[in-house]
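Worksheet: one structure, shown below.
The values are calculated or read from the model by the stated rules, or taken from the named source; none is laboratory data. Every value quoted in this text rests on a predicted model; they were computed, and no experiment measured them. In this analysis, Cβ positions are derived from the backbone assuming ideal geometry, glycine residues included, and neighbour counts consider all displayed protein chains.
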DNA sequence: CACTAAATCCAAAACGTTTTGGATTTTATT
DNA sequence: AATAAAATCCAAAACGTTTTGGATTTAGTG
């Protein structure tokens with residue numbers, strides 16, 4: 001592996017000059033610069049990023065911490081699409097991305113911050129982390145710049161990106177109401193997720209605005225899991241035949257509700273309307289296809305990476321980036337056909 | 001950021017001793033080792049992996065090159081699941097994973113090998129690369145250890161992992177034949193993919209074994225894309241009403257075929273059986289759900305990472321790891337109901 | 001031509017580790 | 001007590017870059 005020393009030797013100059021020539025400094029004549037470049041190509045030189053990182057104290061690397069990067073996440077293409085967005089933006093800005101494994105045995109012994117510090121990443125993106133994850137606090141309090149997706153934290157060198165979950169939920173519920181629904185339940189995710197809180201907020205606000213009485217026991221907990229949602233929905237639907245629509249805080253849970261309805265022979269959407277959240281790939285292919293609040297997952301990742309690198313560059317920027325969401329109307333919703 | 005120098009200073013020993021104490025060498029007394037460890041904890045020391053890489057010439061990092069890591073890949077959760085497998089195995093073996101962006105403008109100017117060399121990754125995993133990708137050859141011929149998924153290349157420090165595609169195709173086609181089908185078309189992917197060749201091989205072999213005449217124009221090219229497959233299938237089905245089954249080289253293309261059949265009002269599976277390949281998440285949720293040749297995508301990634309690290313360690317191993325695939329029978333296949 | 005300014009170059013230090021080869025101290029053996 | 005062996009420690013070099021501060025050469029000016 002050739003180094004700048006080798007180049008210096010054969011080009012007959014000092015290593016300083018090689019370094020400065022290759023890095024485009026002005027204090028080297030065009031003639032020698034060209035010679036050096038030729039020699040470099042000749043010797044198949046590629047710079048050693050490790051050595052460079054060491055001396056410059058900048059690794060040009062950002063870390064990605066995904067809380068639950070496992071096959072479970074495959075149904076839910078959320079993680080993957082965010083990753084794609086991050087990857088693309090990071091590439092554009094000439095950084096590299098290092099994936100931290102957080103589900104291995106290692107995790108118990110090495111904390112996030114230790115991982116980050118050891119690898120000298122310049123910043124880190126956190127995804128899928130629960131609000132009560134002890135490591136979340138740790139990272140925030142460390143001096144490592146970070147941006148987290150879907151948890152609203154800001155601070156010096158810490159920001160977040162999310163979508164407007166209250167607004168998304170409002171759009172969904174209002175749409176149901178506009179279709180004539182009055183008996184609307186909500187299948188929420190676990191309370192530890194910030195998005196659950198916000199979507200519930202939107203649900204409640206919309207009911208109030210429309211003067212529909214709120215029933216606390218109509219807010220179910222599907223834990224963001226399909227099977228759990230199915231089980232809970234099964235029980236709920238059996239005992240509340242008057243419900244005409246269910247707003248779900250995730251598509252996966254909506255699919256669970258669909259299954260429950262099928263089991264009970266409740267036709268969707270004619271007797272029951274179902275709305276999901278996220279617009280995962282499955283939403284489009286399910287039968288009936290899911291009406292859902294779409295989030296631009298790729299954009300979330302793209303913005304997260306951009307924000308982080310802005311933070312690193314100390315660029316003046318808004319530490320909170322909130323994206324719009326929009327309702328995608330498909331087959332799982334319809335006018336309320338039940339007699340009141 | 002504290003260094004071993006700091007530790008040495010406050011512990012009153014040399015940096016050599018600190019290094020050797022922290023790394024568990026035997027030539028340091030238990031007493032001083034403990035003191036050093038205490039001081040290290042006290043000062044919140046974390047080792048600088050960059051500096052270590054430089055001197056040891058081992059980065060403990062492997063690179064991942066995914067040819068088409070973009071939202072397109074989201075439907076197809078293949079990429080993601082492989083990634084999960086890689087990530088897990090890499091974590092177990094205490095390596096880190098760095099993602100290389102190959103779809104940016106950068107790519108044109110920096111080759112794969114340059115990227116790898118700059119970052120001093122110890123090895124690299126290539127996924128989704130086409131057999132005619134110029135960079136493929138480049139990486140193989142470089143001295144960088146690598147394993148590629150689904151392209152059969154071996155050599156010194158290069159290996160691959162794949163599933164037995166001939167066998168998988170055979171299982172699928174034989175199953176159709178056992179159901180009474182004789183008029184079986186194949187929707188293949190583009191020829192640049194190794195798996196296309198093998199799946200076709202299995203298709204042809206099975207027909208021959210069962211003495212079913214082969215019709216070359218019954219082998220269609222869906223380019224591994226849903227829309228393309230739909231278009232091609234539409235045309236084919238219109239002109240060949242005698243076909244009773246279609247074996248597809250990917251689930252995505254099978255979904256395209258399903259759509260075409262729907263458009264033409266051909267009921268699946270009663271009038272047309274369809275088999276896919278891969279077992280992506282959508283396969284289970286499509287209507288009708290897809291019978292398919294399932295590949296353990298997670299395992300592919302897991303094996304790839306394991307193989308690469310074995311290669312790095314110069315461990316004696318088989319450079320080709322072929323996994324089994326198995327037929328998952330769902331709703332898109334049925335007995336041949338057409339009159340001959 | 002003499003002098004200054006600009007252009008071009010370079011030696012050495014620094015980044016934070018690991019490792020080598022030896023020095024010093026302690027322990028064991030006679 | 002003298003010696004050998006073992007245990008414990010350390011100074012210095014090395015990894016491949018960038019950067020600092022200055023040295024040398026060239027060009028420009030009167």
Checklist outcome for this item: Subset of the stretch A:14-53, residues assigned to a loop (DSSP other than H, G, I, E, B) and near DNA strand C (Cβ under 8 Å from one of its atoms), comes to A:14, A:26, A:27, A:28, A:29
Checklist entry - Only one of these conditions is not met by residue A:4: (1) over 22 Å from residue A:118 (Cα atoms); (2) surrounded by 12 or more Cβ atoms within 10 Å (Cβ to Cβ); (3) modelled with pLDDT of 95 or more; (4) more than 11 Å from DNA strand C (Cβ to nearest atom). Which number is it? => result (4)
Checklist outcome for this item: Restricted to the stretch B:95-114 and to residues being over 17 Å from residue A:93 (Cα atoms) and facing chain A (nearest Cβ under 7 Å), the residue modelled with the lowest pLDDT is B:114
Item to check | Residue tally, condition away from every other protein chain (no Cβ under 14 Å), within 12 Å of DNA strand D (Cβ to nearest atom) and out of contact with any helix residue (DSSP H, G or I) (no Cβ under 7 Å at 6 or more places or on another chain), over the stretch B:24-52 | outcome: 6
Checklist outcome for this item: Of (1) assigned to a helix (DSSP H, G or I); (2) under 28 Å from the mean Cα position of the chain (by Cα), residue B:246 fails just (1)
Checklist entry - Given the conditions (1) more than 9 Å from every other protein chain (Cβ to nearest Cβ); (2) surrounded by fewer than 18 Cβ atoms within 10 Å (Cβ to Cβ); (3) away from DNA strand D (no atom under 12 Å from the Cβ), and given that residue A:19 satisfies all but one, which numbered condition is not satisfied? => result (3)
Next on the checklist: On the basis of being crowded, with 16+ Cβ neighbours inside 10 Å, within 23 Å of residue B:100 (Cα to Cα) and either within 16 Å of DNA strand D (Cβ to nearest atom) or at pLDDT below 95 (or both), does residue A:74 make the cut?
Outcome noted: yes
Next on the checklist: Take the conditions surrounded by 17 or more Cβ atoms within 10 Å (Cβ to Cβ), in contact (Cβ under 8 Å) with a residue 40 or more places away in the chain and more than 23 Å from residue B:215 (Cα to Cα) and apply them to residue B:258. Does it pass?
Outcome noted: no
Next on the checklist: Any residue at all in the stretch A:54-69 that's in contact with a helix residue (DSSP H, G or I) (Cβ under 9 Å, 6 or more places away or on another chain) and in a helix (DSSP H, G or I)?
Outcome noted: yes
Checklist entry - Just wondering, is there one or more residues in the stretch A:326-338 that are surrounded by 15 or more Cβ atoms within 10 Å (Cβ to Cβ), closer than 27 Å to residue A:178 by Cβ and touching a helix residue (DSSP H, G or I) at 6+ places or on another chain (Cβ under 6 Å)? => result yes
Checklist outcome for this item: For the stretch A:22-45, the count of residues that are in contact (Cβ under 8 Å) with a residue 40 or more places away in the chain and buried (at least 19 other Cβ atoms within 10 Å of the Cβ) equals 1
Item to check | Of all residues making up the stretch B:265-294, the number that are within 20 Å of residue B:175 (Cβ to Cβ) and under 22 Å from the mean Cα position of the chain (by Cα) | outcome: 13
Checklist entry - Only one of these conditions is not met by residue B:262: (1) more than 30 Å from the chain's Cα centre (by Cα); (2) under 25 Å from residue B:192 (Cβ atoms). Which number is it? => result (2)
Next on the checklist: I'd like to verify a number: residues in the stretch A:307-324 that are in a loop (DSSP other than H, G, I, E, B) and under 22 Å from residue A:294 (Cα atoms), how many?
Outcome noted: 1
Item to check | Members of the stretch A:255-285 that are in contact with a strand residue (DSSP E or B) (Cβ under 9 Å, 6 or more places away or on another chain), on the phi < 0 side of the Ramachandran plot and in a loop (DSSP other than H, G, I, E, B) | outcome: A:268, A:269, A:272, A:280
Checklist outcome for this item: Checked the stretch B:238-254 for anything surrounded by fewer than 24 Cβ atoms within 10 Å (Cβ to Cβ) and in contact with a strand residue (DSSP E or B) (Cβ under 9 Å, 6 or more places away or on another chain); matches are B:240, B:243, B:244
Checklist entry - Filtering the stretch B:83-94 down to residues that are more than 8 Å from chain A (Cβ to nearest Cβ) and over 26 Å from residue A:94 (Cβ atoms), which residue is modelled with the lowest pLDDT? => result B:93
Checklist entry - Restricting the stretch A:1-13 to residues that are outside any helix (DSSP H, G or I) and near DNA strand D (Cβ under 8 Å from one of its atoms), which is nearest to the other protein chains (Cβ to nearest Cβ)? => result A:1
Item to check | Tally, over the stretch B:116-168, of residues that are modelled with pLDDT of 90 or more, within 14 Å of chain A (Cβ to nearest Cβ) and in contact with a helix residue (DSSP H, G or I) (Cβ under 7 Å, 6 or more places away or on another chain) | outcome: 8
Checklist entry - Is it the case that the stretch A:226-237 has a residue that's crowded, with 22+ Cβ neighbours inside 10 Å, touching a helix residue (DSSP H, G or I) at 6+ places or on another chain (Cβ under 6 Å) and in a loop (DSSP other than H, G, I, E, B)? => result no
